[in-house]
Each structure stands twice: as C-alpha cells, then as structure tokens.
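**Q** Got a structure here, written out as structure tokens. Questions coming.
Coordinate-derived values only; no laboratory data. Predicted model, so just to flag it, every value in this text is computed and none were measured. When we count neighbours, we look across all protein chains shown, and the Cβ atoms used for this are built from the backbone with ideal geometry, even at glycine.
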Amino acid sequence: MAYTQKSYVEHVAVRVNDIQWHIRFFYEVLGMELREIDGPTDAPNQYWTLGGMQLMSTPGFAAPPSSDAGWLAHLGIMVDDLEGALQTAQGWGVTALPQGRNWLQLPDGLAVELIQASPGSVAQALAVRPRA
C-alpha cells in the first residue's frame, strides 16, 4: 500500500565555508531570522533560520559553483505520520543512517530526515500557495 499522507520540506541543510556571511545574507537580504543555533553565537556549528535554511559551518569547504552537489547535506521533511512513512520507505531500497531511524539515505546518496509534524500543521503548510 502506498503512503497516502502529505509532507513538505521543512528545511534544507547546506554546508558553507563562512557561516557568518551566510547568516547575514539570509537575514539582511531575505529576512530569515534565527530559529535555532548549535554552538556559540559568534562561531556557530549550525544555524537554522525561520524560513527553512540550515547552515552548517564547514571551514575550508569549496564546491565549484557549477556543481549541483556538495552544498546539500540533507532534506528535512515534515510528515503527517512518521511511522507510516518509515514503514512505506522500507520497500524503496533506502538505508538507515547513524543519526537515527528517521534518517534515510536514498539509493543515489541523498539523505532525508523525516520529522513528525504536529497534527494539522502539514495541511496548513501545504495550503500556502506562494506562486498563486
């Protein structure tokens, strides 16, 4: 049986060389305020914004601008029914990752973190039609 619940990408995690530059950019240009921080505020290990960005400090990281790989660490996806999504995923050839049973690696290498949403919140998020 196919998983019939709804979900959405809650955040996108990217590796960045200069986390402070990216924090300033996403705040000053896009108005994305702090949601959560890991580490000291002057040199965070990770920084999450309201609006879906997770910046992961990776000093020395450099991927060529034309590359579509390298910056992306994982997708955080909010789901209506975490247990149902995990059960359905088992038949898709995914691999559990060490971070926890809700972390899956897809066959092409993409990592996804499935997160249990609050009741009704997925429907609310999906009701937003940014291009409508």
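**Q** What is the local net charge at ALA89, summed over the other residues whose Cβ is closer than 13 Å to its Cβ (Lys, Arg +1; Asp, Glu -1)?
**A** Computed value for this residue: -2.
**Q** Any number yet on Rg/Rh for the chain, C-alpha, Kirkwood?
**A** Value, to two decimals: 0.99.
**Q** Between beta-carbons, use under 15 Å as the cut-off and find the net charge around LEU114, counting Lys and Arg +1, Asp and Glu -1.
**A** In short, -3.
**Q** Separate question: Along Cα→Cβ, 7 Å out, is where each label goes; now give me the distance between the ones at ASN17 and GLN90 in nm to one decimal.
**A** According to this spin-label approximation, the distance is 4.5 nm.
**Q** On to the next question. Go ahead and estimate [θ] at 222 nm for the chain from helices alone: -39,500 (n - 2.57) per DSSP H run with n ≥ 4, summed, over the residue count, rounded to 500.
**A** -5000 deg cm²/dmol
**Q** Quick one: angle between helix 19-28 and the longest Cα principal axis of the chain, in degrees between 0 and 90, rounded to 10, please.
**A** With rounding to tens, the tilt is 80 degrees.
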